[in-house]
Amino acid sequence: MHLSFTLSTIPLLGLAACLSYRAKGQLISVVMFMSIFQAASVLNISAGGAEVGIAPAYVILLIALVNKFVTRASKTVKTSPRTGRATLILACFVLYATLSAFINPFVFSGILITNSKVGAGVPLEWGPGYLSQLFYLLISFALYIAVTSRTSPAELIKSLDWYVKGVSLASIIGIYQYLAAKAGLPFPSNLLYTNPSYVIYNAYDINGFLRTNSTFTEASVAAFSLSVALALVVAKMLYNMRGVGVSALRALLIALALLLTLSATGYMCLIFVGIISGFVYIFRWRGTASFKAAKFVLVIPLGILLLILLTIPAMRQTATNLIHTVLIDKTESFSYQARTQMNEDALQTAADTAWMGAGWGICRASSFIPTALANVGVPGILLLGIFCAMVLHPIRKLHKVRLPLQGVVLFALSTALLNLVVALPDIVHPVIWLLFAAGARLSGSQPVNVLAYTDREVVYLS
């Protein structure tokens, strides 16, 4: 085994060190901020001809977990019975996925699988190269346990806020990437794209529109982080009126970067965020009659701006072409057909394994459900589905939730799950597990209920 470093190592670890100092030891917040650098690695591990790049977020996450579980300074957070039941279901899923990675490849040896690393229609044969996904699953579950049992409400809120700040930085980089490509300016791809574990796509044109990926491996992956962060920012404005100006600027910045990804899933999530936020905005009635009237008055400038833009022929034609490129004509594109074929291959693998799965990390389709069915089959999907249902059960009354933080978390988690259902193949991103943990903690009565989601203070329900 050989260890090597990349051009990203010193600057990204230096940034992480500065953030750790500002976070005052709350390293989960640093992990969330650094999770935007998915296309970069700070440590490369090569063995047997295979090379794996470790992104900076996972290096910091390992340090954070050691700090949480080993040091005496760690504090245990009392959780509710509902949280404990949800954690048990999730633990059963992780256990089944772990066992399947070592057992199922031998039981179903020889069936055809599809994986971007080995190709399509390749006979199944167990190999250590598949265990990288298991490592990410186990460390993600450890993050979940750390957040549910050893993370204070203040650190949880800071982690959510720092994730938004990290995505805001990625949005700025993505917008600069667009401007650099249009104006011929230099872009630091040698620094940002150093991870050998992934095929990294630079910015490229689609029907005359430039598609950007910022600090992520590809545009669709960028759209996931951008849409989840956008849901966090918008929900924060809906459930807490403090700092609306800063939040609005962040929302506009992230939404612009999301548009530049030209991701069909990202656009669907943008529509989803708009519809749900509109529903919450209208039906979350609190305050005096004048306050309720002001809520409608606030949307008038936005409506006028949209009408003005629609009256400009060039803007209207550009918007029409963009919608056709990203959404309406998407089914005719090569990428859509290739992704559809990957999903069909995964479902065929699931059927060939009697719907038990070929083993965690073996197959990789275009979206999570076909990938999960091919890897852990119906048992794994059921366990994860039950867990998600337990966490999301209050979402049916999203406009009536008593704790603002719960509304923020459920809004963002539902956006993340929409990404998974449509076009995200795995659940190893740290923010998914942070939202899982936050949702589980808030699904039951808490010893200390966080009442407000703010940047600089935490208001508790006495």
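The values are calculated or read from the model by the stated rules, or taken from the named source; none is laboratory data. Small disclaimer: the values here were computed from a predicted structure and weren't measured. All Cβ positions, even for glycine, are placed from backbone atoms using ideal geometry, and neighbour counts span all protein chains on display.
List of remarks:
- Members of the range 204-236 that are assigned to a loop (DSSP other than H, G, I, E, B), surrounded by 20 or more Cβ atoms within 10 Å (Cβ to Cβ) and of a type in the set (Ser, Thr, Tyr): Thr212, Ser214, Thr215
- Any hit, the range 134-147, residues being farther than 24 Å from Ile200 by Cβ, free of Cβ contacts under 8 Å to residues at least 40 places away in the same chain, out of contact with any His (no Cβ under 9 Å at 6 or more places or on another chain) and surrounded by fewer than 19 Cβ atoms within 10 Å (Cβ to Cβ): no
- The numbered conditions (1) at pLDDT 90 or above; (2) farther than 18 Å from Ala146 by Cβ; (3) not hydrophobic (A, V, I, L, M, F, W, C) are all true for Asn44 except (1).
- Residues considered: Ala452, Ala440, Ala423. Of these, the only one that is touching a helix residue (DSSP H, G or I) at 6+ places or on another chain (Cβ under 8 Å), modelled with pLDDT under 90 and surrounded by 21 or more Cβ atoms within 10 Å (Cβ to Cβ) is Ala423.
- In the condition set (1) among the aliphatic types (A, V, I, L, M); (2) over 24 Å from Asn195 (Cα atoms); (3) exposed (fewer than 14 other Cβ atoms within 10 Å of the Cβ), Ala17 is compliant with all but (2).
- Some residue of the range 237-249 being without any contact (Cβ under 8 Å) to a residue 12 or more places away in the chain, part of a loop (DSSP other than H, G, I, E, B) and surrounded by fewer than 24 Cβ atoms within 10 Å (Cβ to Cβ): yes
- Restricting attention to the range 28-63, the residues that are crowded, with 24+ Cβ neighbours inside 10 Å and in contact with a Leu (Cβ under 8 Å, 6 or more places away or on another chain) add up to 15.
- Of the residues making up the range 126-170, those that are part of a loop (DSSP other than H, G, I, E, B) and in contact with a helix residue (DSSP H, G or I) (Cβ under 7 Å, 6 or more places away or on another chain) are Trp126, Thr151.
- Residues in the range 178-197 that are touching a residue at least 24 places away in the same chain (Cβ under 8 Å), of a type outside the set (A, V, I, L, M, F, W, C) and under 24 Å from Val31 (Cα atoms): 6 in all.
- Just so you know, in the range 148-169 the residues that are under 20 Å from Val408 (Cβ atoms) and of a type in the set (A, V, I, L, M) include one that is surrounded by the fewest Cβ atoms within 10 Å (Cβ to Cβ), and it is Ala154.
- Flag for Tyr178 being within 17 Å of the chain's Cα centre (by Cα) and of a type in the set (Phe, Trp, Tyr): no
- Whichever residue in the range 86-107 is out of contact with any helix residue (DSSP H, G or I) (no Cβ under 7 Å at 6 or more places or on another chain) and not β-branched (Val, Ile, Thr) and, among such residues, is surrounded by the most Cβ atoms within 10 Å (Cβ to Cβ): Asn104
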